[in-house]
1. Based on the mean of other Cβ atoms within 10 Å per residue, sort peptides 161-168, 23-30, 50-57 so the most packed one is first.
2. Go through K22/K66; K46/K66; K12/K33; K56/K108; K22/K65 and tell me which ones have a Cα-Cα distance over 20 Å in this structure.
3. Springs between alpha-carbon atoms under 10 Å, Gaussian network over the chain: tell me which of S124, S45, S142 tops the mean-square fluctuations.
4. Enumerate the amide H contacts of F172 below 5 Å, restricted to partners 5 or more residues apart or on another chain; note that Pro and chain-start residues carry no placed amide H.
5. Compare D64, D39, D121 in a GNM of the chain, Cα atoms joined below 10 Å, and give the one with the largest fluctuation.
6. Please give the calculated 222 nm ellipticity per residue for the chain, where each DSSP H segment of at least 4 residues contributes -39500 (n - 2.57) and the sum is spread over every residue; nearest 500 deg cm²/dmol?
7. Which of the following values of Kirkwood radius over Cα pairs in Å was calculated from the structure shown: (i) 18.1; (ii) 19.0; (iii) 16.7?
8. When the chain is fully extended, how far beyond the present Cα-Cα distance does L32 get from R131, taking 0.36 nm per residue of separation?
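Every number here is computed from the coordinates shown, using simple stated rules; none is lab data. Every value quoted in this text rests on a predicted model; they were computed, and no experiment measured them. Quick reminder, even Gly has a Cβ in these numbers, built from the backbone with ideal geometry, and neighbours come from all protein chains shown.
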Amino acid sequence: MGDPAQRAEHMKDAIDFFDGLKRGQLPSVSFLKPDSFLDGHPASSKVDLFEGMLQKVLDGLQADKKLADETALFIAFDEGGGYWDSGFMQPLDFFGDGPRIPFIVVSKFSKGGRVVHTYQDHVSITKFIERNWGLKPLTGRSRDNLPNPVQRADNPYVPVNMPAIGDLFDMFRFGGDRDQDDR
């Protein structure tokens, strides 16, 4: 995104997102990153403002059945200040990986009503996009090349095939050959 013309073409403001939502015309992938008091970071934002912004997104989706039927909304909490994780941090490299990232998925394809313990982080969104649209990883050395975690039933938090990061598909039931049934 070093090219200013490319940046102007693809990087939009939250106002553009909400306008597209209102018109029922969102691109295949949108990232809405709230800033400042809306971002949900512990100690630096207002949770009620974050929830209000999120409610605006959910209301917009519910107002357009076609858009809601084809949308998967990932709500990701950025590290969460350690509020969310049980303590395991996967050592990926010099910088580590930090706590797992909690995700809430809102979609008619979501398995819903359950907690998935798979090791996920922000790269999981990239891995989901790549798998869903049959795309190659960003680079040969980026974290989206890591395998999906293999878990043991007696300790689902720690992947036995580290380093590994999930692609979020275990949160969905798409049907057909992409079905992720619990077994």
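1. Ranking, from highest mean packing down: 161-168, 50-57, 23-30.
2. The answer is K46/K66.
3. Highest fluctuation of the listed residues: S142.
4. Here K111 satisfy the definition.
5. D64
6. Helix contribution divided over all residues of the chain: -7500 deg cm²/dmol.
7. (i)
8. Taking 0.36 nm per residue and subtracting the Cα distance, the gain is 33.5 nm.
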